[in-house]
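The values are calculated or read from the model by the stated rules, or taken from the named source; none is laboratory data. Here the structure is a predicted model, which is why all the values come from computation and not from measurement. Here the Cβ is made from the backbone with ideal geometry for all residues, glycine too, and neighbour counts use every protein chain on show.
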Amino acid sequence: MYFGSVRFFKHLILLSFLVMILIPTVAAFSLRGTVREQEAQLTRQEGQIAELEQSVETLRRQAEQPAEPAPPVPEPAPVFTADEAPYHSLYPDFYAPAPIGELVATPATAYLTFDDGPSATTDRVLDVLAEEGVLATFFVVGREDEASLNRLRRMAEEGHTIGMHTWSHSYRDLYGSVEQYLEDAYRVFTLIRDTTGQTPTVFRFPGGSINSYNRAIYQELIAEMLRRGFVPHDWHLSAGDAAPSGVTTAAVTNNILNNIGSMERAVILLHDGAGQSATAPALPGVIAGLRQRGYQLLPLAANTQPILFGYPD
Ligand SMILES: [Zn+2]
């Protein structure tokens, strides 16, 4: 029997010795490996810290260095600014009575505006407006005969707004320079003021605020008139009643009512010049159609938010 024999116990003692030596040796070696790994990791981290410290130091030194002198700013070339335009001093009484305050955009409002009067057409337009109980706006040109002056007075007495359209309505003369425009506009300004006692505050550029004649100066023109407290008004919708070939009453009505769509506000361009025979007869239908669509009809006021072609909302 091997088990229990002397040989068995000898082997057992030998095996015990082997186990007692092997286990600590193996353990010691594996422990050393772990320690070495950790040491290596520490060394790497120290290296990273050193690198970081170095970059911090570099940054600090850079910050301490005096900044490079900035390149010299070139002197702005002497430019002509609108603040000192020579035409500012022209016509010292050519100003609106009050500065333009906060502009108001009243929703669901239509504004009937009539350009190029006064003329015989104006009488018929005023009659219809009176019958319908509607106030409107007239952008007038320079006419000094007694009938024209009476028409201006009637507009004012009946509560309409009288705006400036210019004296001559001649694109070539008006838009040659800001000075030329001011000279002309001032004439119609004084005509309205001296005839009606009311100082106009709104105006309309012939051909609109931006057109093929005034492209070079339209911004300067608008700025100068705004500086003087006047508000320019283009239009959302044209009645097409000034077509040179003539136009029917139905066409005028349709041009407005078929195109107004869901406009929030509508400044409507009409004409009361001498040739515009369809305008006044179209008005009752236009007014009824606008009211039916929920619009109130108002004249332009000094603080009515304008529509301007070059400056969309
Ligand atoms: Zn006109």
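Numbers at a glance
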read-out	value
In the stretch 243-256, the residues that are free of Cβ contacts under 8 Å to residues at least 24 places away in the same chain and either buried (at least 17 other Cβ atoms within 10 Å of the Cβ) or not assigned by TED's automatic domain parsing to the domain that holds T121 (or both)	N254, N255
Residues (part of a loop (DSSP other than H, G, I, E, B) and in contact (Cβ under 8 Å) with a residue 60 or more places away in the chain) located in the stretch 216-242	R228, G229, F230, H233, D234, W235, H236, A242
Selection within the stretch 194-206 - away from the ligand (no atom under 16 Å from the Cβ) and crowded, with 22+ Cβ neighbours inside 10 Å	T201
Meets criteria (modelled with pLDDT of 95 or more, touching a helix residue (DSSP H, G or I) at 6+ places or on another chain (Cβ under 7 Å), within 19 Å of A120 (Cα to Cα) and not polar (S, T, N, Q)) for G273	yes
Complete set of residues in the stretch 144-171 that are touching a residue at least 40 places away in the same chain (Cβ under 8 Å), closer than 21 Å to G207 by Cβ and not polar (S, T, N, Q)	G163, M164, H165, H169, Y171
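Residue-by-condition table, conditions (1) more than 13 Å from the ligand (Cβ to nearest atom); (2) in a loop (DSSP other than H, G, I, E, B); (3) over 28 Å from L283 (Cα atoms):
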{"residue": "D127", "(1), (2), (3)": "yes, no, no"}
{"residue": "F138", "(1), (2), (3)": "no, no, no"}
{"residue": "E144", "(1), (2), (3)": "yes, yes, no"}
{"residue": "R153", "(1), (2), (3)": "yes, no, no"}
{"residue": "T166", "(1), (2), (3)": "no, yes, no"}
{"residue": "D173", "(1), (2), (3)": "yes, no, yes"}
{"residue": "Y186", "(1), (2), (3)": "yes, no, yes"}
{"residue": "I192", "(1), (2), (3)": "yes, no, no"}
{"residue": "G208", "(1), (2), (3)": "no, yes, no"}
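Residues are listed down the side, and each one gets a yes or a no for (1) assigned to a strand (DSSP E or B); (2) touching a Lys or Arg at 6+ places or on another chain (Cβ under 8 Å); (3) within 16 Å of the ligand (Cβ to nearest atom):
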{"residue": "N214", "(1), (2), (3)": "no, no, yes"}
{"residue": "P244", "(1), (2), (3)": "no, no, yes"}
{"residue": "I260", "(1), (2), (3)": "no, yes, no"}
{"residue": "A282", "(1), (2), (3)": "no, no, no"}
{"residue": "P306", "(1), (2), (3)": "no, no, no"}
{"residue": "G310", "(1), (2), (3)": "no, no, no"}
